[in-house]
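Let me begin by presenting the structure, written as structure tokens, before commenting on it.
The values are calculated or read from the model by the stated rules, or taken from the named source; none is laboratory data. The structure displayed is predicted, hence computed values, not measured ones. Cβ: placed from backbone, ideal geometry, glycine included. Neighbour counts: every protein chain shown.
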Amino acid sequence: MTLAADPPTEFVAFWNDTLADKFERYRDILMNGLSHHSEVWLNEVQIAPGTKIVDVGCGWGDTARALARKTGPKGHVLGLDCVEQFLRRARADAETEGLDNVSFVAADVQTYPFDASFDMCFSRFGMMFFENPVAAMRNILRALKPGGELVFIVWRSKAENVWAYVPETVVKEFLPLPGEDARTCGPGPFSMSEPDVVRKQLEIAGFDDIRFEATDGPVTVGGSLRNAIDFQLALGPAGEVFREAGALAEERRDEIETALRDALAPYQQGESIVLPSASWRVSARKPG
Ligand SMILES: C[S@@+](CC[C@H](N)C(=O)[O-])C[C@H]1O[C@@H](n2cnc3c(N)ncnc32)[C@H](O)[C@@H]1O
């Protein structure tokens, strides 16, 4: 099922026409890096059978499926994402696993017409891209029953996320920063790294009982130096600088790749390139 925003925001359009294929190409790296940050919570969280959950920005749906296993046949998980391409895989994986208590709908979370039917909303790295984060949080509040819980995972600062910071620093030595008119994924992966800002956004949206818990961990950004360089020039902050520089980036590709190779080589473990990463797990409650 698709509930397309009419017309899609520039960010939703960018996810679909530019990022989706790149995400598919580097799916293994992304899944490995992102899932580290949800693993502890997913292993520990107690979900009562029958709980109704919405997973926002669910991507390929692995967290939605994990939550569906926990809530059991009397519960249900709705996975929402603005990229139908991701959801096709999510539906196929759920079917292969024989899960019939999870469904996936393509929609912009900020405007999806929720009713107050969910006990919980979860998101792993899906909250940092909304055109208006407070409006999206208000819409999520609308989705929840009184007392319902919102749990979401976001990156901490770029400096703490060495996997993104080091390559971006290298690429910026060779290329200009993206201009004001650059096409982007939204506010961006590090837009919710400041607890004071996120707390205020959640309060304005109407949530209370707001808490932050830190997770740190190594992420593998490539199975080889070559793979890590390709990944960094395709996605993330370094990838954005490279993409926006267009022809100039291609002209300087050799120099940039050499510098990236030097910068990433110290992080080699076996064949893989492994760097530190850091996230917040934010939780909040709908009053009532
Ligand atoms: C970094 S990915 C995370 C995907 C998934 N949660 C995971 O951890 O593997 C961010 C996801 O948010 C989705 N997204 C971005 N903006 C959105 C919006 N306004 N409404 C719905 N989904 C959105 C993207 O399509 C993408 O799948």
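Give me a count of the residues in segment 163-190 that are farther than 10 Å from P237 by Cα and among the polar types (S, T, N, Q).
Here the count works out to 1.
Out of (1) more than 23 Å from N139 (Cα to Cα); (2) touching a His at 6+ places or on another chain (Cβ under 8 Å), what's the single condition that is false for P73?
The failed condition is (2).
Can you tell me which condition F130 does not meet? The list is (1) more than 10 Å from the ligand (Cβ to nearest atom); (2) in a loop (DSSP other than H, G, I, E, B); (3) in contact with a Gly (Cβ under 7 Å, 6 or more places away or on another chain), and all the others hold.
(1)
Being in contact with a Lys or Arg (Cβ under 7 Å, 6 or more places away or on another chain) and modelled with pLDDT of 95 or more narrows it down to one residue among F130, F122, F118; which is it?
F118
Matching residues to (1) farther than 30 Å from A228 by Cβ; (2) among the aromatic types (F, W, Y):
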| position | (1), (2) |
| --- | --- |
| W15 | no, yes |
| L30 | no, no |
| V54 | yes, no |
| L67 | yes, no |
| K70 | yes, no |
| L80 | yes, no |
| E84 | no, no |
| R88 | no, no |
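Please note which helices (runs of 4 or more DSSP H) are completely contained in segment 173-288 and include at least 2 residues that are in contact with a helix residue (DSSP H, G or I) (Cβ under 6 Å, 6 or more places away or on another chain).
By residue number, 195-205, 225-234, 236-245, 253-264.
Could you grab me the full set of residues in segment 146-195 that are of a type in the set (F, W, Y) and within 16 Å of the ligand (Cβ to nearest atom)?
F152, W155, W163, F190
Please name all residue pairs, on different chains or six or more residues apart, with Cβ atoms under 6 Å, provided the first residue is in segment 23-51 and is closer than 21 Å to T215 by Cβ and the second residue is away from the ligand (no atom under 15 Å from the Cβ) and assigned to a helix (DSSP H, G or I).
I47/K70; I47/T71
Rundown of residues vs (1) closer than 24 Å to N227 by Cβ; (2) touching a residue at least 60 places away in the same chain (Cβ under 8 Å), yes/no style:
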site	(1), (2)
M128	no, yes
I140	no, yes
L144	no, yes
G148	no, yes
A159	no, no
V171	yes, yes
P176	no, yes
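What number of residues within segment 133-144 satisfy the criterion of being more than 9 Å from the ligand (Cβ to nearest atom) and of a type in the set (G, A, S)?
2
How do the strands (runs of 3 or more DSSP E) wholly within segment 17-110 filter down when requiring 2 or more residues that are among the hydrophobic types (A, V, I, L, M, F, W, C) and more than 26 Å from L235 (Cα to Cα): which remain?
Fully inside segment 17-110 and qualifying: 52-56, 76-81.
Considering each residue of segment 107-125, count those that are within 12 Å of the ligand (Cβ to nearest atom) and charged (D, E, K, R), and give that number. Steps first, please.
Step one: filter segment 107-125 for residues within 12 Å of the ligand (Cβ to nearest atom), giving 107-112, 122-125.
The next check asks that each one be charged (D, E, K, R); those that pass are 108, 124.
Of the residues in that region, 2 qualify.
I'd like to check something: does segment 196-212 contain any residue that is more than 27 Å from Y112 (Cβ to Cβ) and modelled with pLDDT of 95 or more? Quick ask: steps written out before the conclusion?
We begin by selecting, within segment 196-212, every residue more than 27 Å from Y112 (Cβ to Cβ); these are 196.
Of the ones still in play, those that are also modelled with pLDDT of 95 or more are 196.
The answer is yes, given that some residue of segment 196-212 is more than 27 Å from Y112 (Cβ to Cβ) and modelled with pLDDT of 95 or more.
Determine, yes or no, whether D93 is within 11 Å of the ligand (Cβ to nearest atom), in contact with a helix residue (DSSP H, G or I) (Cβ under 9 Å, 6 or more places away or on another chain) and either in contact (Cβ under 8 Å) with a residue 24 or more places away in the chain or within 18 Å of G126 (Cα to Cα) (or both). Walk me through it before giving the result.
Values: within 11 Å of the ligand (Cβ to nearest atom): no; in contact with a helix residue (DSSP H, G or I) (Cβ under 9 Å, 6 or more places away or on another chain): yes; either in contact (Cβ under 8 Å) with a residue 24 or more places away in the chain or within 18 Å of G126 (Cα to Cα) (or both): yes.
No, not satisfied.
Just give me the residues in segment 30-80 being away from the ligand (no atom under 13 Å from the Cβ) and at positive phi, in sequence order.
Across segment 30-80, the qualifying residues are G50, G72.
Search segment 133-164 for residues being more than 16 Å from the chain's Cα centre (by Cα) and part of a loop (DSSP other than H, G, I, E, B), and hand back the single one that is surrounded by the fewest Cβ atoms within 10 Å (Cβ to Cβ).
My answer is A159.
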